[in-house]
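Encoded as structure tokens, here's the structure I'll be asking about.
The values are calculated or read from the model by the stated rules, or taken from the named source; none is laboratory data. These numbers were taken from a predicted model, which means no experiment stands behind them. Note that we place each Cβ from the backbone using ideal geometry, even for glycine, and neighbour counts take in every protein chain shown.
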């Protein structure tokens, strides 16, 4: 099976390429320097002679998207549309990571895969548009929603928190936003398992099991970094206003994985313990 990973230099893309190599797959990664996903000819030139395309390219600057939605739309919606069309022409399966931000964050129970999207931010709107484009233009697709991603490559919440705690001695972290911290290596592994299992085309949730707040996750990070978790104190979203609204509740259900016979990612605490040495190195 021949794999193409688009956006291979990003935090998720690097781990997808690495994990596929570890599993003995024939994988080629391309970066933004290799292909501009908003240019049809550039996309058509790279999506050839492959069986699976994994789109790890995304505009993820959530706050910046509020004043630059056109650029976010180009990357998060136009790009996936072009990749979907090219994958369909090539007879390839398209795997498209999406986000919890397609939901409004007002739920009190895990969002199932069929829950109607209701994004509240520019970023969420552009990602929801990207999902629609993938479904419309490539019948053989896997939309995999992820959330609260962290990894060893690039900027992420755990490294930021560990550095801030060491430099400042204390910090406040919001305790009223709940979600599922998820390791990029686990997402990469799940993508491989979905494809190899021949999972039906559709939408899946690729997050860790369980749930926690940013405050609780920050304490787990500080403890893993060898510091006193009491350095982290709780605060509220109202005290830490950002340009883009954050979902208060980002917990995603995993029923579609079970129906496809694919085991979901394990509990976030157990997975964080496995990931911490590499992420905080």
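Could you pull out the residue among 174, 187 that is crowded, with 21+ Cβ neighbours inside 10 Å and either in contact with a helix residue (DSSP H, G or I) (Cβ under 7 Å, 6 or more places away or on another chain) or at pLDDT below 95 (or both)?
On the way: 174 fails: crowded, with 21+ Cβ neighbours inside 10 Å.
The conditions single out 187.
Inside the stretch 235-281, can you point out the residues that are free of Cβ contacts under 8 Å to residues at least 12 places away in the same chain and either surrounded by 12 or more Cβ atoms within 10 Å (Cβ to Cβ) or under 17 Å from residue 99 (Cβ atoms) (or both)?
Step one: filter the stretch 235-281 for residues free of Cβ contacts under 8 Å to residues at least 12 places away in the same chain, giving 238, 241, 258-259, 270, 277.
Selection gives 259, 270.
Is it true that residue 12 is buried (at least 16 other Cβ atoms within 10 Å of the Cβ) and either under 17 Å from the mean Cα position of the chain (by Cα) or farther than 29 Å from residue 244 by Cβ (or both)? Give the steps one after another, and end with the answer.
Details: buried (at least 16 other Cβ atoms within 10 Å of the Cβ): yes; either under 17 Å from the mean Cα position of the chain (by Cα) or farther than 29 Å from residue 244 by Cβ (or both): yes.
Against the criterion (buried (at least 16 other Cβ atoms within 10 Å of the Cβ) and either under 17 Å from the mean Cα position of the chain (by Cα) or farther than 29 Å from residue 244 by Cβ (or both)), residue 12 qualifies.
Quick grid of which residues meet (1) closer than 21 Å to residue 146 by Cα; (2) crowded, with 21+ Cβ neighbours inside 10 Å; (3) touching a helix residue (DSSP H, G or I) at 6+ places or on another chain (Cβ under 7 Å); (4) in contact (Cβ under 8 Å) with a residue 40 or more places away in the chain:
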site	(1), (2), (3), (4)
16	yes, yes, yes, yes
24	no, no, no, no
28	no, no, no, no
31	yes, no, no, no
38	no, no, yes, yes
42	no, no, no, no
59	yes, yes, yes, yes
